[in-house]
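Just so it is clear, none of the values below were taken in a lab; they were calculated from the coordinates. On a predicted model such as this, the values are computed, not experimentally measured, just so you know. Note that each Cβ is placed from the backbone with ideal geometry, even for glycine, and that neighbours are counted across all protein chains shown.
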Amino acid sequence: MEDFASTKAYCNRLKTLSDQLANVDSPVTNTRLVRKMISGLTDAYTGFVTYIQQHDPLPTFAAARSRLELEETTMLQRAARESNTSSIPA
């Protein structure tokens with residue numbers, strides 16, 4: 001995921017590749033797509049990866065992608081709050 005600007009861009013690329021493979025009669029299963037998604041995440045998403053791996057069965061790619069985008073938003077908001085807090089003089 002390090003080569004992508006956001007989790008949305010990362011997931012869109014995975015979905016595009018999956019769709020292209022399906023178009024040439026080599027479909028990718030939902031399980032494989034979700035596993036590929038989480039295997040490419042950075043260490044910042046370790047908690048999210050654990051959360052997804054604990055589901056049996058794994059969530060759909062669409063559900064996992066939605067949760068990942070929410071996780072990214074939460075992380076960005078937390079970082080912004082921490083940045084604002086640290087810039088306030090004591």
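You will find that of Arg78, Arg67, Arg35, the residue that is free of Cβ contacts under 8 Å to residues at least 12 places away in the same chain, under 18 Å from the mean Cα position of the chain (by Cα), part of a helix (DSSP H, G or I) and under 22 Å from Glu2 (Cβ atoms) is Arg78 and no other. Scan the stretch 6-30 for residues that are loosely packed, with under 13 Cβ neighbours inside 10 Å and among the β-branched types (Val, Ile, Thr) and jot them down. Those that are loosely packed, with under 13 Cβ neighbours inside 10 Å and among the β-branched types (Val, Ile, Thr): Thr16, Val24, Thr29. Restricting attention to the stretch 38-60 and to residues that are over 16 Å from Glu2 (Cα atoms), in contact (Cβ under 8 Å) with a residue 12 or more places away in the chain and assigned to a loop (DSSP other than H, G, I, E, B), the residue that is farthest from the chain's Cα centre (by Cα) turns out to be Pro57.
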